[in-house]
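Below: the structure, in structure tokens.
The values are calculated or read from the model by the stated rules, or taken from the named source; none is laboratory data. The structure presented is a predicted model; accordingly, all values stated were derived computationally and were not measured. Cβ placement follows ideal geometry from the backbone for every residue including glycine, while neighbour counts extend to all protein chains displayed.
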Amino acid sequence: MTRDTRNPGDVVFEARDLKIGAIQHDGSELRIVKGVDFKVRRGEVVALIGESGSGKTTISLSALGYAKPGLSFTGGEALLLGQDVTKMTTDELRPLRGISVAYLAQSAAATFNPSIKINEQVTEAPVLHGTKTQAEANAKALDLYRALELPNPETIGERYPHQVSGGQLQRLMAAMALCGDPELLVLDEPTTALDVTTQIEVLKAFKQVIKEEGAAAIYVTHDLAVVAQIADRVVVLYNGEIKEAGPVHEIITNPVHPYTSRLMDAIRPMPEAGQGEESSDEHLRASPALEARGIDAGYGKGADGLPLVPVLRDVNVAIERGKTVGIIGESGCGKSTLARVYAGLLPASAGEIYLDGERLSPGLSGRTREQLRKVQFVYQMADTALNPRQHIRDILGRPIDFYGTAEGMTRRARVDQLLDMVELPKQFADRYPHELSGGQKQRVNLARALAANPEVVLCDEVTSALDTIVAANVIDLLNRLQRETGVSFVFISHDLSTVSSFADEIVVLYAGMVAEQGPTDRVLAPPFHPYTRLLVSSVPEPRVGWLEEAAQTREAKAGASGSVQLTKKGCPFFARCPLAIAGTCDEVDPPKIDDGSGHIIDCHRSLAELNG
């Protein structure tokens, strides 16, 4: 199949009065998409925005002629290059999917086959459809690996999916979609799970590819700051209907519909110094609730007993009772590894973990049931964390039974209490996970952790997959629970604006080492560690043109010059640092600089130099 040679501006996809619905038990139709109209032209990116359940993904999938299980096209047309794909059979659609139109999903982990090497999966569609030879597809894939700033682009394709980080896998999924040179890209939240520096590179790559290839794109997202960087036009959806549509500049700067204004208001700006929320000190004790001292950790074990793949190096982080510590850093920096060490899921190779001043066994098997109860883990993806075959009452009931936390009430009463704590109706106890929205499932995920009456809850990217409004509600919920129960939170995230609005303290990790830590308003105000400055400068602003401006800054240019590399000596940020001192930063571990307020920066530069 040759690339269409029509002029830029030609319509690649058009939805005409598109209706999608489900047939209910009584034979009546439940309308999900209620007659939408929009066009996507060659060289143009049209963003579909709205909350979870607004119909964004359902509408975008119509470009592939696909309706989710239980749904069907009930009216209107979805025209791809002039052909109504809603009327096509699977055999007729097969030559179009992956070549004329490519879909880039939100979850990279669910997209890749864990038993097949990455490059084989990235190049599969063009080779299978005969539009490229294997050699041509390999060359295209290599170009994409480089454009997407992937580490070791010549060899990364020989790895298996589990051998790369989540952020790297997301970029590889982008390479998979782009390898066939599609006419239309359907991008479904492709940067939601990415850290801010990676997000900039991926957005730049998407814009470049769409411009150079003369393709078009439908970009599904809830993030208006991202929309401002990549979209040409915006379609605002609510409950399957278009509430507002127009050029991105008009939608961002002058929203007309109240719902669009509500989406804009949900964007959390970086707080000014002294404006971040702080919890009270009423729950403090003599010893921290949880503390890591001199932690080294990694994966695999060599002949010397040390990790084959070291990840953490000399990490010291304490979580006070009733406080929230935010742990931030790029993909591959060791954030989730540190949480796994705290929980005992990954025993440290050196260092010690303390709970309420009592030394813990490094691994789960050596910890008592009471110690296990006090430290609970909330995983990022509620979809994979909740058993799809169990009712919510059984999912919440298991930790109640295991830890004996019903405290005189019946098991059902305790389940009802937990649902009330996370602001879900008691009737949800009789539902299965698939009957809940993403935000509701994440609340159940949190309720399961709270069922143990924990002292510390480890939250690993718990809001990254949620839309802006739902994520803001979850953060408000966590704040309320902390005030009421005195629980401590370790909040792992790449979303700096969310962390800054929630955490009392921030720990900045880079390549397994602590680069900076301290009170939130101090860490997010000058002087910065050079890496923290890169992170802060990479948070998208909801205005058109920010991406191009940010890409030209000294921090962005230095940050884009390489990926996270673990080192055995010196500062691991040396290769990307605009302030690096050759012969010092790469050879000698950085000293700790304390400004007297508990704000500590690990750097060879002075505070005055960092403040410049």
### Task
Please go through the range 322-338 and pick out each residue that is hydroxyl-bearing (Ser, Thr, Tyr) and out of contact with any Asp or Glu (no Cβ under 6 Å at 6 or more places or on another chain).
337
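To keep it simple, each residue is scored yes or no on (1) surrounded by fewer than 19 Cβ atoms within 10 Å (Cβ to Cβ); (2) of a type in the set (A, V, I, L, M, F, W, C); (3) in a loop (DSSP other than H, G, I, E, B).
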site: 575; (1), (2), (3): yes, yes, no
site: 578; (1), (2), (3): yes, no, yes
site: 583; (1), (2), (3): yes, no, yes
site: 586; (1), (2), (3): yes, no, yes
site: 589; (1), (2), (3): yes, no, yes
site: 598; (1), (2), (3): yes, no, yes
site: 601; (1), (2), (3): no, yes, no
site: 605; (1), (2), (3): no, no, yes
site: 608; (1), (2), (3): yes, yes, no
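So that you can scan it fast, the table gives a plain yes or no per residue for (1) at pLDDT 90 or above; (2) in a loop (DSSP other than H, G, I, E, B); (3) crowded, with 21+ Cβ neighbours inside 10 Å:
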| site | (1), (2), (3) |
| --- | --- |
| 73 | yes, no, no |
| 77 | yes, no, no |
| 95 | no, yes, no |
| 110 | no, no, no |
| 116 | yes, yes, no |
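Considering only residues of the range 130-154 that are touching a residue at least 12 places away in the same chain (Cβ under 8 Å) and of a type in the set (Ser, Thr, Tyr), which is surrounded by the fewest Cβ atoms within 10 Å (Cβ to Cβ)?
Taking the candidates together, the pick is 131.
Looking at the range 333-376 only, could you name the residues that are part of a loop (DSSP other than H, G, I, E, B) and under 15 Å from residue 299 (Cβ atoms)?
Hits for the range 333-376 are 333, 334, 345, 346, 347, 348, 349, 362, 363.
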### All helices (runs of 4 or more DSSP H) inside the range 131-220 with 1 or more residues being polar (S, T, N, Q) and farther than 25 Å from residue 61 by Cα
134-147, 196-213
#### Entry: Qualifying positions in the range 498-557 - out of contact with any Gly (no Cβ under 6 Å at 6 or more places or on another chain), of a type in the set (Val, Ile, Thr) and part of a helix (DSSP H, G or I)
498, 523, 532, 536
### Message
If I filter the range 463-483 for residues that are over 30 Å from residue 357 (Cβ atoms), of a type in the set (Asp, Glu), buried (at least 22 other Cβ atoms within 10 Å of the Cβ) and not assigned by TED's automatic domain parsing to the domain that holds residue 236, do I get at least one hit?
### Response
yes
### Every residue from the range 1-22 that is of a type outside the set (Asp, Glu) and at pLDDT below 80
1, 2, 3, 5, 6, 7, 8, 9
### Task
Take residue 54 and decide whether it is within 29 Å of residue 251 (Cα to Cα), touching a residue at least 60 places away in the same chain (Cβ under 8 Å) and in a helix (DSSP H, G or I).
no
### Summary
Restricting attention to the range 58-70, the residues that are surrounded by fewer than 18 Cβ atoms within 10 Å (Cβ to Cβ) and touching a residue at least 12 places away in the same chain (Cβ under 8 Å) number exactly 1
### Task
List every residue pair whose Cβ atoms lie under 7 Å apart, where the two residues are 6 or more positions apart in sequence or sit on different chains, the first residue falls within the range 358-383 and is of a type in the set (Asp, Glu), and the second residue, located anywhere, is in a helix (DSSP H, G or I).
383/441
